[in-house]
Each structure stands twice: as C-alpha cells, then as structure tokens.
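A.B. asks: Below you'll find the structure I mean.
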Amino acid sequence: MNPKTNQQRPKECNECIEKKLDSNCWNPDRMITALMKNNCTVETDWVVKGLPNLVDNLTDSYRKIGGMDHLEGRDLPSKKVVIEVLEDLLVVLFPGYLGDNEITKDNIKYHLGTKLTSIYTNMTHEVEKSLKYICRKISECPQDICQKRAHVVVREFLEKLPIIRSELSGDIQAAYSGDPAAVSNEEVILSYPCVLAITTYRIAHELYQNGVPLIPRIMSEHMHSLTGIDIHPGAKIGKNFFIDHGTGVVIGETAEIGNNVKLYQGVTLGALSFPKDEKGNIIKGRKRHPTVGNNVVIYSGATLLGAETIVGNNVIIGGNVWLTGPVASGTKITIAAPEQKYKTENH
C-alpha cells in the first residue's frame with residue numbers, strides 16, 4: 001500500500017483499515033491488504049483429499065439438524081413438475097397467447113387433447129404424492145386410496161376449467177375497464193402481472209378447496225416470486241377482480257373479497273395478531289384476515305388487518321390508510337395531507 005496515499009485518507013478510514021477483518025467498514029485498499037495478507041498455497045488436490053471430509057461433515061449435519069432435508073423424497077411433490085403443470089394450465093386457459101405452438105380453430109382440439117392429457121398424467125402423480133405425504137404424517141392408509149383420490153381430484157379440477165375461464169374473463173375486463181392506460185384486452189393478457197397472479201390464484205384455490213396439500217402453495221408462491229403479488233390460495237375472491245400495478249400486494253389465507261373490487265400496489269389484507277394456546281403455540285385454522293365487500297376500491301399502501309376489519313359495500317379506502325376495525329358501506333376514508341416544507345438556498 002502506498003504510504004503517501006494512506007496519509008491522504010481521512011482519519012476514520014485509516015482507523016477502519018486498522019481494524020482489519022472484524023470491522024463493518026470496507027474499501028478496495030483494505031480488500032487488497034486482506035487478500036495479500038491471507039495469501040496462501042492453493043491446494044490443487046483438495047477435491048481428492050478435502051472434499052471427502054466435507055461430504056462427511058454435511059452428512060453428519062443432515063443427521064443432527066432435522067427439518068431441512070427429505071432424503072426419501074417419494075412422498076413429496078416435485079416443485080419443478082408442479083410449475084410445469086401450472087405453465088401448461090396457463091396455455092390451456094389462454095390458448096394462442098401463451099405457449100410455443102401456433103394454435104388455430106382447426107387444430108385447437110388436437111392441442112387441447114395433447115396438453116390436457118399431459119396435465120392429467122403429471123398432475124395426478126404430484127397430487128398422489130402430496131396426499132401420501134399427509135397420510136404418512138397421520139397414519140398408514142390403504143395402499144391405493146391416495147392414488148384413487150388423486151384421480152378424482154384432478155378430474156374434478158380439470159372439469160372446472162371452463163368455469164375458471166369465465167371468471168378470468170371478468171377479471172380481464174375489470175383490468176381493461178379499470179385502467180385508463182390499458183389499450184386492449186390483448187395487452188392486459190400479455191403484459192399485466194395481475195392476470196398471471198389472479199389466474200394462478202383461481203387454479204390454486206380450486207385445489208386448496210379439494211384438500212390438496214403443498215401444491216397450491218407451490219403454485220401461488222412461484223407466481224408471487226414472478227409478479228410480487230402474494231395471494232394465498234385459501235382466500236375467497238369474487239368476480240371482476242383487478243389489481244392495478246400489483247407489486248407488494250398481500251392477501252392472506254382467510255381474507256374474503258367481494259365482487260368488483262380493485263386494489264392498488266402495496267395493499268395488505270393481513271392478520272392483526274396470532275392467538276396462542278397454553279403452550280405458546282399459534283392457534284391455526286381461525287378467521288384472521290379482513291373481509292371486503294362489493295364495489296370497493298383500496299388505494300396504494302393501505303393496510304387492513306384482522307378478522308374484525310369488515311369493509312362494507314361501495315367503500316373507497318385511500319392510500320396509506322391503516323384499518324383494524326369495521327367500515328360501514330358507502331364510506332370514503334382518506335389520510336389528512338401531511339404538512340410539507342420547502343427550503344431554498346435563500347430561505
């Protein structure tokens with residue numbers, strides 16, 4: 001390190017460098033110093049000599065630290081396959097918009113038959129594994145009961161796809177009608193993240209309603225990671241639902257939303273508190289999220305918490321509003337404008 005350069009640094013920077021690796025401060029000169037100081041001979045045969053020790057240590061950690069591995073794996077659904085099934089379902093629901101194949105009126109039946117056969121086969125296999133996962137946790141069950149139930153659940157789900165498409169048609173129309181920037185339904189389907197998030201919710205909700213474990217959450221959390229919109233598959237959402245922009249929206253498991261509701265980015269329908277039993281464990285299975293009526297608009301950053309937050313019909317909730325109690329129908333709630341101060345160079 002150049003002594004002259006060192007002298008030109010601020011005193012606090014020199015002190016930071018002297019603290020070496022235990023300091024929270026970092027800079028390029030200190031990085032070079034640390035690298036040079038810790039320079040050592042490279043072990044070219046580490047893979048042969050050192051790697052077996054690492055394998056032994058990791059194997060030992062699997063034995064000591066539970067809950068982070070599933071080495072048998074036979075009774076867990078494949079996340080990769082579940083996501084592939086979800087993508088295939090999106091193609092079925094929006095033929096010609098999504099997917100690689102050119103679909104026409106002449107070949108639509110062929111493509112649908114091929115795609116639905118693949119979905120049925122793969123989905124049944126993953127649902128069966130999910131059901132076996134639950135059976136194994138509770139008790140042993142007859143060998144083929146999960147397999148039979150999986151076939152029934154997937155068949156019933158697939159037969160509801162026309163109904164899901166009808167619901168999605170209303171959601172898409174709500175997006176087009178509710179956003180002055182939308183120029184066509186085609187633009188909404190192809191580009192709006194809420195379409196993917198709401199479609200995935202409506203798929204996952206049907207599976208959730210049929211008692212399928214794991215898979216609905218895999219689907220919803222995958223779409224959450226893509227869109228920034230977090231909708232639990234257990235939520236109940238009515239017709240013509242629109243989420244404008246969408247990033248940061250959270251809708252909890254026991255939330256209920258009526259028809260013709262519009263949310264903006266950053267809206268939270270969350271839990272206020274978590275009651276616990278005598279052992280201090282969270283009591284699950286109770287209603288803990290808000291209920292929102294029909295024809296409601298909730299603007300960006302609003303937070304509604306708790307099961308007692310029941311919002312009536314025809315309500316407008318302004319941005320950044322915080323609610324933990326009921327709201328009567330026809331109410332408009334806004335936050336008072338904060339005081340703003342302007343400072344110039346002269347004043």
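A.B. asks: Considering each of 315, 327 in turn, give the residue that is closer than 27 Å to residue 275 by Cβ, of a type in the set (Val, Ile, Thr) and modelled with pLDDT of 95 or more.
C.D. replies: Values: 315 fails: closer than 27 Å to residue 275 by Cβ.
327 is the lone residue from the list that is closer than 27 Å to residue 275 by Cβ, of a type in the set (Val, Ile, Thr) and modelled with pLDDT of 95 or more.
A.B. asks: While we're looking at this one, here's another question. Could you go through the range 264-285 and let me know if any residue there is touching a helix residue (DSSP H, G or I) at 6+ places or on another chain (Cβ under 8 Å) and part of a loop (DSSP other than H, G, I, E, B). Talk me through it step by step, then tell me what you get.
C.D. replies: Taking the range 264-285 first, the residues touching a helix residue (DSSP H, G or I) at 6+ places or on another chain (Cβ under 8 Å) are none.
Within the range 264-285, not a single residue is touching a helix residue (DSSP H, G or I) at 6+ places or on another chain (Cβ under 8 Å) and part of a loop (DSSP other than H, G, I, E, B).
A.B. asks: Note down all Cβ pairs under 6 Å where the first residue falls in the range 165-179 and is more than 17 Å from residue 193 (Cβ to Cβ), the second is of a type in the set (A, V, I, L, M, F, W, C), and they're at least six residues apart or on different chains.
C.D. replies: Correct list of pairs: 165/93.
A.B. asks: Determine if the range 173-191 includes at least one residue that is of a type in the set (A, V, I, L, M), in contact with a helix residue (DSSP H, G or I) (Cβ under 6 Å, 6 or more places away or on another chain) and not in a helix (DSSP H, G or I).
C.D. replies: For the range 173-191, residues of a type in the set (A, V, I, L, M), in contact with a helix residue (DSSP H, G or I) (Cβ under 6 Å, 6 or more places away or on another chain) and not in a helix (DSSP H, G or I): present.
A.B. asks: Still on this structure, please answer the following. Of all residues in the range 294-347, which are buried (at least 20 other Cβ atoms within 10 Å of the Cβ), touching a residue at least 24 places away in the same chain (Cβ under 8 Å) and assigned to a loop (DSSP other than H, G, I, E, B)?
C.D. replies: Selection gives 296, 299, 302, 309.
A.B. asks: A follow-up question, please. Pairs needed: first member in the range 280-293, under 27 Å from residue 242 (Cα atoms); second member anywhere, modelled with pLDDT under 95 and not in a loop (DSSP other than H, G, I, E, B); C-beta distance under 7 Å; at least 6 residues apart or different chains.
C.D. replies: none
Table: residues versus (1) hydroxyl-bearing (Ser, Thr, Tyr); (2) part of a helix (DSSP H, G or I); (3) modelled with pLDDT under 70.
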position	(1), (2), (3)
5	yes, yes, yes
21	no, yes, yes
31	no, yes, no
43	no, no, no
52	no, yes, no
63	no, yes, no
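A.B. asks: Applying the selection to the range 250-263, what residues are within 18 Å of the chain's Cα centre (by Cα), under 16 Å from residue 311 (Cβ atoms) and part of a loop (DSSP other than H, G, I, E, B)?
C.D. replies: Within the range 250-263, 252, 254, 255 meet the criteria.
A.B. asks: From the set of residues in the range 120-133 that are of a type in the set (Val, Ile, Thr) and more than 22 Å from the chain's Cα centre (by Cα), which is nearest to residue 76 (Cα to Cα)? Let's see the steps before the verdict.
C.D. replies: Looking only at the range 120-133, we keep the residues that are of a type in the set (Val, Ile, Thr), and these are 121, 124, 127.
Those left that are additionally more than 22 Å from the chain's Cα centre (by Cα): 121, 124.
Details: 121: 16, 124: 13 Å.
Filtering the range 120-133 for residues that are of a type in the set (Val, Ile, Thr) and more than 22 Å from the chain's Cα centre (by Cα), the one nearest to residue 76 (Cα to Cα) comes out as 124.
A.B. asks: Next up: Return only the number of the condition from (1) surrounded by 10 or more Cβ atoms within 10 Å (Cβ to Cβ); (2) at pLDDT below 90; (3) not small (Gly, Ala, Ser) that residue 72 does not satisfy.
C.D. replies: (1) is the only condition that residue 72 fails.
A.B. asks: Restricting to the range 203-229, what's the tally of residues that are of a type outside the set (A, V, I, L, M, F, W, C) and over 12 Å from the mean Cα position of the chain (by Cα)?
C.D. replies: Within the range 203-229, the subset of a type outside the set (A, V, I, L, M, F, W, C) is 205-206, 208-211, 213, 216-217, 220-222, 224-225, 227-228.
From the residues that got through so far, the ones that are over 12 Å from the mean Cα position of the chain (by Cα) too are 205-206, 208-211, 213.
Number of matching residues: 7.
A.B. asks: Taking only pairs six or more apart or across chains, which ones have beta-carbon atoms under 9 Å, a first residue in the range 254-275 that is surrounded by fewer than 19 Cβ atoms within 10 Å (Cβ to Cβ), and a second residue that is part of a strand (DSSP E or B) and modelled with pLDDT under 95?
C.D. replies: Correct list of pairs: 274/282; 275/282.
A.B. asks: So for the range 87-104 (the condition being surrounded by fewer than 15 Cβ atoms within 10 Å (Cβ to Cβ), part of a helix (DSSP H, G or I) and charged (D, E, K, R)), does at least one residue qualify?
C.D. replies: Within the range 87-104 (the criterion being surrounded by fewer than 15 Cβ atoms within 10 Å (Cβ to Cβ), part of a helix (DSSP H, G or I) and charged (D, E, K, R)), the answer is yes, since at least one residue qualifies.
A.B. asks: Has the range 66-77 got any residue that is in a loop (DSSP other than H, G, I, E, B), hydrophobic (A, V, I, L, M, F, W, C) and in contact (Cβ under 8 Å) with a residue 60 or more places away in the chain?
C.D. replies: Here is the first cut: in the range 66-77, the ones in a loop (DSSP other than H, G, I, E, B) are 66-77.
After this cut, where a residue has to be hydrophobic (A, V, I, L, M, F, W, C) as well, the list is 68, 71, 76.
Narrowing the set further to residues that are in contact (Cβ under 8 Å) with a residue 60 or more places away in the chain leaves 76.
Within the range 66-77 (the criterion being in a loop (DSSP other than H, G, I, E, B), hydrophobic (A, V, I, L, M, F, W, C) and in contact (Cβ under 8 Å) with a residue 60 or more places away in the chain), the answer is yes, since at least one residue qualifies.
The values are calculated or read from the model by the stated rules, or taken from the named source; none is laboratory data. Everything quoted here is computed from the prediction, not taken from an experiment. For neighbour counting, all protein chains shown are included, and Cβ atoms are generated from backbone atoms with ideal geometry for every residue, glycine included.
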